[in-house]
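First up is the structure itself, then whatever we jot down about it.
What follows draws every value from the coordinates through simple rules; no lab data is involved. Values in this document were obtained by computation on a predicted structure and should not be read as measured data. When we count neighbours, we look across all protein chains shown, and the Cβ atoms used for this are built from the backbone with ideal geometry, even at glycine.
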Ligand code: LLP
């Protein structure tokens, strides 16, 4: 995985740093990011567009993992940024990210969030619904400011890993339906509004997708409409945003394409469709989240208790769980893991990795082949870099772990571990006692 390797002590290393030393220095659970891998992925996306001669913006979907240092790394790599809340926007601005390169998503942006984004002069609002058109227009008028916008449309294609579903009218909380006239109605509204600079269209068809078929089908539907609207409404889209969703390899069974390959195949087809419809090629924007950070992240845990259920299963518990990785409990997500102090030793037993939360569903990995181990050993779970820390929580009042970036043999703490004090920071004592 990534630049993980094995050093002379036989320990797993990430970004050239010994994971056992990391666990000792920063404690566990610990998220460790191989930042060189994130950089390579970012450059890979950009280079693919350059190779194809297509102008583009690659926006990191910061919902996958956002922190000050992460956003700074994205800025260093020259990417744009997708934010979906006031909190993600705040983090980006505090990280000094160029507001011009921020795209604001969300199906229920609040008036306060919209005002905050307008005040910050962000690059683009991805407008999701009729209420937002009115709200954004009204706040623009109050501030006498204009906004660049994309319209989020639902092209009636939903993709999940290998499957894509074609739905006449998509049952989704996001965006304007392309098929039933909603998108056209919305477009007419925004084109009339003097506060809006309408850049183009956006769609996002799903996440952890292994094939390009769904993307191409969605693009095809959007391009057909773009051609129709170019004639009927004299609307020439300057931007076509195809969202994120490129799959990654969590386990051996997963067979995603290489990140650049998704872009290459999709864009080649998009170019061809544009020519067929006699449209000039717009700027293509994408929004990868998982494919930039997913396999760059590894979680280190300390092994603790175990339980043998005769003839059934061996449970092995670690010092984290659904509080730092809710994906197995929420999506049946699967992961691979090794004992970080002896990753090369042959697996000689099968265990199921349990978390420490008070809930039977708090299982991280079922039936993991594992080598000899004892309490205190470090378990490294791979591919936890996207939607891991981002979805971490304080269930059972477990403090969120720390995050470390590792690159060229150097480790840098980028998010401190929460303390017990942090956990009660916003708690207020009972003022009115019901007892005399
Ligand atoms: N753009 C939009 C509009 C999105 O809604 C998403 C993800 C992305 C981009 C980035 O997608 P990615 O490249 O990361 O697949 N919590 C779930 C994933 C939810 C994805 C939501 N939207 C998980 O842990 O699998």
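Here are a few things to note about the model shown:
- Rough spin-label spacing in nm, given labels placed 7 Å along Cα→Cβ, for residue 142 and residue 191: 2.9
- With the alpha-carbon atoms of the range 218-373 aligned to their principal axes, the span from lowest to highest coordinate is 71, 33, 25 Å, starting with the largest.
- Estimated distance in nm for a label pair at residue 238 and residue 131, the labels positioned 7 Å out from Cα along Cα-to-Cβ: 3.0
- Isotropic mean projected area of the C-alpha convex hull, the range 90-209 (nm²): 7.8
- Per-peptide average of other Cβ atoms within 10 Å, ordering 292-302, 216-226, 92-102 highest first: 292-302, 216-226, 92-102
- Here the ratio of the Cα radius of gyration of the range 37-168 to 2.2 N^0.38 Å is 1.15.
- The average projected area of the range 35-292, computed from the convex hull of its Cα atoms over all directions, is 12.9 nm².
- Degrees, to the nearest 10: 259-276 long Cα axis against longest axis of the chain: 10
- The stretch between residue 336 and residue 100, if pulled fully straight at 0.36 nm per residue, gains 81.1 nm over its current Cα-Cα span.
- Cα centroid of the range 300-371 to Cα centroid of the range 59-127, whole Å: 35
- Annotation for the range 398-428 versus the range 171-221: alpha-carbon center distance of 38 Å.
- DSSP-defined antiparallel bridges as percent of all bridges, the chain, nearest 5: 50
- The order of the peptides 329-336, 359-366, 12-19, 204-211 by mean Cβ neighbours within 10 Å, most packed first, is 12-19, 204-211, 359-366, 329-336.
- Computed from Cα positions, the angle between helix 35-52 and the longest principal axis of the chain comes to roughly 30 degrees.
- When the chain is treated as a GNM with alpha-carbon contacts under 10 Å, the residue of 71, 248, 20 showing the greatest mean-square fluctuation is 20.
- Cα pair distances of the range 307-368 binned at 5 Å [whole percent]: 4, 17, 27, 25, 18, 9, 1
- Of all DSSP-defined beta bridges confined to the range 35-292, some 10% are antiparallel rather than parallel.
- For the chain, diffusion coefficient by Stokes-Einstein and Kirkwood Rh (Cα), 10 °C, 1.306 mPa s, µm²/s: 68
- Mean projected area of the convex hull spanned by the Cα atoms of the range 208-255, taken over all viewing directions: 3.6 nm².
- Among 271, 356, 372, sorting on how many other beta-carbon atoms sit within 10 Å of each Cβ, with the fewest leading, yields 372, 271, 356.
- Column: log10 I(q)/I(0), Debye, Cα scatterers of the range 1-67, q = 0.20 Å⁻¹: -0.88
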